[in-house]
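> Okay, handing you the structure first.
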Amino acid sequence: MALIESTEPSGQKNELVLELRNVHKGFEYGGNGKATVDNNHQQVLNGINLKIKKGEFVTVVGPSGCGKSTLLNIISGLDQPDAGAVMINRKSKSKTNGVVVIFQEGALFPWLTVQDNVEFGLKMDGVDHSKRSQVATHFIEMVGLTKFSQSYVYQLSGGMKQRVAIARALAMDPEVLLMDEPFAALDVQTRELMHDELLGIHKTTGKTVIFVTHNINEAIQLGDRVIVLSPRVRNIKREFAIDMPRPRNPDAPELVTIKRQILKEFEEDFRHAK
Amino acid sequence: MQSEQEVTELQPRTKSKGPSFDISDVANVALFLAAFLGIWQLVYMIGVYPDAILPSPAEAAGKIAALVGNGVLPIGIGTSLLRLVIGFMLSIALGGIVGLAMVKFRGFGKTMSSFAVGLLTFPSIAWVPFAILLIGFSDFGILFVVVMASVFSVMITTYSSLRNIPPIYVRAAKNMGASGFSLFRHVMIPAATPSLIIGMRQAWSFAWHALIGAEMLITTLAGLGYILSVGREFNDMPQIMVVMVSIFAIGMVFDRVIFLKLEERVRAKWGLGQNR
């Protein structure tokens, strides 16, 4: 099985939900900013092309400085590319661009209860109160936090906060769930639980997930497709399709092979950086 | 199903009710007051100062009754509080608007904030001669001084509170479709609330300090500051002491009861220090 490079992913339908076409992005650094290249201009993304199909679970992995955050900001619409295009196949009429981000820190609002946090996006969309509350209740139940719907954020554990963040994103019925190292701050056991839960949610809702991480194990355990970014070529360096049932054991021989290859890519980048 | 377990084991923490009514606190306050009155009475009986200069606690109490009876004290307190509330509201409106403009227009914000910080340290009493010549001996002259004393604090608070909102909240909200006024109303303002309240409390105390000073110097025949200055004119120490106690009590009630309670409620909700 597995180990076919950049071939067709295991998405159920072949409908595209997101496409990046030749996306470029760079930053200007002032005076003594780090990582300075010619003329204080640092190119971060150099012509990225990426197609994501509906229902896919794509993980993006790369060493720090590979442009993960920049790519994420561009996909989420929080930042604009210098050149190239981001196309999203939108179904809903919400005010968002169809991509909702789950941040590493959760970014829940401490002045709102769990219920109000989950309702927030719908409120911005002008959904009426009873409909809002119904949708929020449904997704809070899905992440198993019904008892905590009236709690405030500080009363929740790290894992619970990320569940609220997932419920808040799902409530908006996005085309793409974009997760930015969402479990990086959690302990190992909680992270495993969250993986199971996320996979369950992915299965029941059929949402497209883009999951950004620096953790290779996490990337190969979760993704239908693992995309390796490189700070050296400032682009996608390799892509692995993993057609294995989940939950996956990261010590399975197929996965270990992939892990070695990804590590080799990282090392190569590291050698060149020196 | 393991995840279900994690949830059932944890229970929501009970909401903190803020400072509770504690009998030992009351006893401490009573003891403190008794000691204070005791020393006062002792100094009076030893006769360090003549009667006319240092009245006994009983005489002071009698003066309170007299000033309340003839309506001077209640009217004075009412007048001062009215001026304080109006002045403070004006400061909030004015300082809030300028503060928002400072956030909106970067260059203006930078210039104005250093200017406002300078004026923040400016003694409020130094506005009095200017106010008298510009406006005259009237309520408006007093209001002018009160506003000048507190408006810059409101301005700086609004500016810095809004600028220091953790950017992650704004990013998340924008990603969920918030923009313009709804971003401001549902994210910026609540996110800035804890520090806004602290700033408002400070502005209130600046206004209160300025008010009494202005009332003493800008004579308008009413207000606590005016009664205080009349006490000095007539060598009426009991009256001076009664007004001082009133000023102390009012400041205490507003700061401890209103602002502190408000601050504690917000902080408890955010999970910031339950330890008062």
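Only the coordinates and a few stated rules stand behind these numbers; no lab work does. Remember, predicted model here, so these are calculated numbers, not experimental data. No Cβ is skipped: glycine too gets one built from the backbone with ideal geometry, and neighbour counts run over all protein chains shown.
> With N residues in the protein assembly as shown, what two-decimal value do you get for its Cα radius of gyration over 2.2 N^0.38 Å?
Cα-based Rg divided by the globular estimate yields 1.33.
> Please report the orientation-averaged projected area of the stretch A:233-274, defined via the convex hull of its C-alpha atoms, in nm².
The number I arrive at for the stretch A:233-274 is 3.6 nm².
> Taking the Cα centre of each part, how many Å lie between the stretch B:36-54 and the stretch B:109-166?
A separation of 41 Å, based on Cα centres.
> Separate question: Report the residue, chosen from A:Gly98, A:Gly55, A:Gly65, that carries the largest GNM mean-square fluctuation when chain A is represented by alpha-carbon nodes joined by springs under 10 Å.
Among A:Gly98, A:Gly55, A:Gly65, the largest GNM mean-square fluctuation belongs to A:Gly65.
> So what are the ³J(HN,Hα) numbers for the stretch B:243-250, from phi and the Karplus equation (6.51, -1.76, 1.60; θ = phi - 60°), rounded to whole Hz, Gly and Pro as x?
For the stretch B:243-250, the Karplus-derived couplings read 5, 4, 5, 4, 4, 4, 5, 5 Hz, x marking Gly and Pro.
> On a straight-distance basis, which aspartates and glutamates could pair with A:Lys53 in a cross-link, Cα separation under 12 angstrom, same-chain partners fewer than 8 positions away excluded?
Qualifying aspartates and glutamates at Cα under 12 Å: A:Glu8, A:Glu15, A:Glu19, A:Glu175, A:Asp224.
> Additional query: Among A:Val188, A:Val135, B:Val151, B:Val85, which comes first, then next, by fewest other beta-carbon atoms within 10 Å?
If I rank by nearby Cβ atoms, fewest first, I get A:Val188, B:Val85, A:Val135, B:Val151.
> For chain B, state what percent of all Cα-Cα pairs lands in each successive 5 Å bin, counting from 0 Å until the bin that includes the largest distance.
The calculated distribution, bin by bin, is 1, 5, 9, 11, 12, 13, 12, 11, 8, 6, 4, 3, 2, 1, 1, 0, 0.
> Among the aspartates and glutamates, which have Cα under 18 Å from the Cα of B:Lys63 when same-chain residues fewer than 8 positions away are ignored?
B:Asp51, B:Glu233, B:Asp236
> Using a 10 Å cut-off around each Cβ, can you sort A:Tyr152, B:Tyr49, B:Tyr44 from fewest to most neighbouring Cβ atoms?
If I rank by nearby Cβ atoms, fewest first, I get B:Tyr49, B:Tyr44, A:Tyr152.
> Any chance you could count the Lys pairs in the stretch A:125-274 whose alpha carbons are under 30 Å apart, treating pairs 8 or more apart or on different chains as valid?
Going through the stretch A:125-274 pair by pair, I get 19.
> Amide H to amide H under 5 Å from A:Ser151: which residues, 5+ apart in sequence or cross-chain, H placed 1.01 Å off N in plane?
Counting only residues 5 or more places away or on other chains, the set is A:Val114, A:Gln115.
> Then there is this: Between the stretch A:72-92 and the stretch A:181-251, what is the separation of their alpha carbon centroids in Å?
The stretch A:72-92 and the stretch A:181-251 have Cα centres spaced 21 Å from each other.
> Any idea what the alpha-carbon Rg over 2.2 N^0.38 Å comes to for the stretch B:158-276?
1.54
> If you don't mind, another one. On average over all directions, what projected area in square nanometres does the stretch B:216-276 have, based on the convex hull of its Cα atoms?
Mean projected area for the stretch B:216-276: 5.6 nm², to one decimal.
> Show the residues, 5+ positions off or on another chain, whose built amide H is closer than 5 Å to the amide H of A:Arg225.
The list, which skips near neighbours in sequence, is A:Phe57, A:Thr59, A:Ile242.
> Among A:Leu199, A:Leu78, A:Leu20, which one moves the most in a GNM of chain A with springs linking Cα atoms closer than 10 Å?
Checking each option, the largest mean-square fluctuation is seen for A:Leu78.
> Right, here's the next one. On average over all directions, what projected area in square nanometres does the stretch A:109-188 have, based on the convex hull of its Cα atoms?
5.5 nm²
> A further question follows. Gaussian network model of chain A, Cα springs within a sub-10 Å range: biggest mean-square fluctuation belongs to which of A:Lys203, A:Lys259, A:Lys25?
Comparing A:Lys203, A:Lys259, A:Lys25 in the GNM, the peak value goes to A:Lys203.
> For chain B, what's the relative contact order in percent, using C-alpha pairs closer than 8 Å and at least 6 residues apart?
Across chain B, relative contact order equals 24 percent.
> I would also like to ask the following. When you have a sec, figure out the Kirkwood radius of the stretch B:103-232 from all distinct Cα pair distances and drop it here in Å to one decimal?
Kirkwood radius, the stretch B:103-232: 16.7 Å.
> Another question, if that's okay. Say each of B:Val29 and A:Thr205 gets a label point 7 Å from the Cα, pointing the same way as Cα to Cβ; how far apart are those two points in nm?
Here the modelled spin labels are 5.1 nm apart.
> Taking 2.2 N^0.38 Å as the expected size of a compact globular protein, what ratio does the Cα radius of gyration of the stretch A:151-210 give against it, to two decimals?
The value comes to 1.11.
> Further question: Sort A:His24, A:His129 by Cβ crowding within 10 Å, fewest neighbours at the top.
Ascending Cβ contact count within 10 Å gives the list A:His129, A:His24.
> Counting DSSP beta bridges in chain A, what percent are antiparallel, to the nearest 5?
55 percent
> Semi-axes of the equivalent ellipsoid for the stretch B:33-105, please: Cα gyration tensor eigenvalues, times 5, square-rooted, ordered largest first, whole Å.
They are 44, 18, 9 Å, listed largest first.
> Ok, one more. Over 23 Å apart: what share of the alpha carbon pairs of chain A falls there, rounded to a whole percent?
Looking at chain A, the distances longer than 23 Å represent 55 percent of pairs.
> For the stretch B:158-219, take every pair of Cα atoms, bin their distances at 5 Å starting from 0, and report each bin as a whole percent.
Pair shares across the bins are 4, 17, 19, 15, 10, 8, 8, 7, 6, 3, 2, 0.
> Here is a follow-up. I need the Kirkwood Rh of the stretch A:84-150: take the reciprocal of the average 1/r across all distinct C-alpha pairs and report it in angstrom.
Here the Kirkwood hydrodynamic radius works out to 13.4 Å.
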